[in-house]
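The values are calculated or read from the model by the stated rules, or taken from the named source; none is laboratory data. The model shown is predicted, which means the values in this text are computed figures rather than measured ones. Don't worry about glycine lacking a Cβ; one is built from the backbone with ideal geometry, like all the others, and counts go over all protein chains shown.
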Amino acid sequence: MVGPQSTPGGCPPRGRGGGRRAIRDLSPGRVARVTRDVHLHCVSDETSPQSQGERRDRLLQALESLLALPAAELRPTMDKATLLISELLKADKVDVFFLDTSTQTLVAVGTSDTPMGRKQRALGLDRLPLANGGRSVQVYESDQPFMSNRQHEDPEELPGIKHRLGVKSSLMVPLPIGGETRGVLGVCSAQPDFFIPDDLRFLVAVARWVGAVAHRVELVQELTKLATRGARRAAAEELVTVLAHDMANHLMPLRARIELIQRRARRDNAADYLRDAEGAATSLKALSRLIGDLLDVSRLDQGLFTMRPQPVDVVALAKEVAATMRSPGRAVEYRGPDELVVIADPDRLRQILENLTANALKHSPPGLPVGVDVQWQVRPEGRWARITVSNQGPGIAPEVMDTLFERFARGPGSTGLGLGLYLSRRIALAHGGTLEVTSTPGAGTRFEVALPEAPSPVTE
């Protein structure tokens with residue numbers, strides 16, 4: 001291991017953006033001490049107000065972008081995460097290594113699409129057997145972070161990484177997934193003296209979020225496999241509940257921190273920081289909604305799904321949803337009477353309207369509005385409220401229509417979990433109503449919710 005490299009006067013050498021130093025055998029406690037020493041004894045660009053603002057921007061961008069990653073295939077998702085981290089830290093390569101227990105090998109399941117990343121694949125250095133040793137293996141086995149700004153001089157690093165790949169500075173941290181260390185998150189540079197202790201602290205925090213994203217992807221993939229085998233109900237119930245509660249626990253401190261940043265930005269009249277914080281808060285709200293959907297699925301399976309019916313003005317609710325979800329270039333137009341009151345659960349009815357409107361906007365061509373129509377419909381058993389949400393998009397493929405309202409059903413190009421329409425129909429049925437769809441390829445799609453004026457709730 002290479003010890004700290006210092007310049008005259010005791011400050012670390014200059015690198016990418018200020019003082020840099022390499023650290024031997026770094027522990028979390030020593031990270032804090034070294035970081036404190038750097039800030040107390042060295043006047044560098046990293047402590048300037050402008051640099052601190054840039055670090056805050058990087059943090060918000062990282063959190064927002066990580067939260068936005070789709071729960072799809074593991075490797076593409078991890079590739080996107082590594083490219084994001086590479087851009088934030090201006091690194092030459094970022095890897096997410098998972099342990100393949102069958103071969104006892106650390107395998108890169110995500111690598112940044114950079115020249116060094118592509119060279120690593122060509123050299124076969126994206127697979128690191130534990131028996132061969134090296135710094136990545138040491139980080140995995142010791143469960144301790146590592147930092148070096150002279151890795152090319154490190155006798156304990158693999159020769160291929162030092163000499164053939166050309167790594168000179170690196171950060172490596174354990175990757176926690178599902179409560180246990182399952183791999184390593186590594187960041188590399190071809191330049192010496194490139195990283196500072198704050199970069200390592202930042203990477204430790206990011207690793208927890210990358211692990212949470214990977215955990216979510218793995219659970220979604222497992223749920224999908226269980227669903228296709230017909231044994232989904234019991235196992236999916238457990239996995240969904242664990243995932244939702246686990247993610248909810250992670251979101252609570254993040255929500256508090258973003259709200260704190262928003263308050264500070266308003267107090268300091270920092271418009272740019274406020275805009276970025278509000279963007280992160282919007283992404284967080286979307287993730288919270290996803291978790292709510294997952295919990296609702298669990299409640300439905302356990303018979304704990306409750307409703308609180310009361311008089312609801314459907315018109316006011318539809319107008320509010322339309323106003324909230326429209327944006328420049330993405331219009332949502334309401335058509336209907338000035339008032340229409342039914343007995344329903346307002347929160348659940350809002351959930352239906354938001355799911356249907358968001359789905360319509362997602363598949364609506366730019367510049368063409370989504371329509372939300374409300375009207376009374378007279379039936380032999382009495383009056384019904386009919387709510388339709390329509391767009392002028394490409395329509396739904398016929399082969400998808402039969403499974404559209406099933407749990408975890410996703411059409412081509414979908415990035416969600418496939419729960420929105422499933423829950424919307426179940427909520428409509430719980431009100432004694434219906435949710436149907438008509439669609440013609442190339443001619444748009446129309447979802448219709450019908451609710452009795454005073455329903456007798458259906459219990460299942």
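Only residues that are under 14 Å from the mean Cα position of the chain (by Cα), over 21 Å from S189 (Cβ atoms) and modelled with pLDDT of 80 or more were counted in the range 60-93, giving 2.
Please enumerate the residues belonging to the range 179-204 that are outside any strand (DSSP E or B) and without any contact (Cβ under 8 Å) to a residue 40 or more places away in the chain.
First pass over the range 179-204, keeping only residues outside any strand (DSSP E or B): 179, 190-204.
Within the range 179-204, G179 is the sole residue that qualifies.
For the range 402-430, name all the residues that are at pLDDT 80 or above and of a type in the set (A, V, I, L, M). The answer is L404, L421, L423, I427, A428, L429, A430.
Of the residues making up the range 107-121, those that are part of a helix (DSSP H, G or I) and closer than 21 Å to L74 by Cα are G117, R118, Q120, R121.
Residues to consider are H163, H152; find the one that is in the same structural domain as F202 (by TED's automatic domain parsing), touching a His at 6+ places or on another chain (Cβ under 9 Å) and in contact (Cβ under 8 Å) with a residue 24 or more places away in the chain. Lay out the reasoning, then the answer.
Numbers: H163 fails: in contact (Cβ under 8 Å) with a residue 24 or more places away in the chain.
Exactly one of H163, H152 is in the same structural domain as F202 (by TED's automatic domain parsing), touching a His at 6+ places or on another chain (Cβ under 9 Å) and in contact (Cβ under 8 Å) with a residue 24 or more places away in the chain, namely H152.
Of the residues making up the range 140-163, those that are surrounded by 15 or more Cβ atoms within 10 Å (Cβ to Cβ) and of a type outside the set (A, V, I, L, M, F, W, C) number 13.
Within the range 419-434, residues that are assigned by TED's automatic domain parsing to the domain that holds R379 and at positive phi sit with their Cβ atoms under 8 Å from residues that are modelled with pLDDT under 90 and not in a helix (DSSP H, G or I), at 6+ positions apart or across chains, in these pairs: G432/P455; G432/S456; G432/P457; G432/V458.
Among the residues of the range 431-460, those that are among the acidic types (D, E) and either in a strand (DSSP E or B) or modelled with pLDDT of 85 or more (or both) comprise E436, E448, E453.
Quick grid of which residues meet (1) closer than 18 Å to D92 by Cα; (2) surrounded by fewer than 20 Cβ atoms within 10 Å (Cβ to Cβ):
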site: K119; (1), (2): yes, yes
site: D126; (1), (2): yes, yes
site: L175; (1), (2): no, no
site: A190; (1), (2): yes, yes
site: E222; (1), (2): no, yes
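A214 meets the conditions (1) buried (at least 21 other Cβ atoms within 10 Å of the Cβ); (2) at pLDDT 85 or above; (3) under 13 Å from the mean Cα position of the chain (by Cα) in every case but one. The failed one is (2). Residue count for the range 424-450, restricted to those that are among the β-branched types (V, I, T) and farther than 22 Å from P365 by Cα: 3. All conditions but one from (1) part of a helix (DSSP H, G or I); (2) of a type in the set (V, I, T); (3) out of contact with any Ser or Thr (no Cβ under 6 Å at 6 or more places or on another chain) apply to T82; the one that does not is (3).
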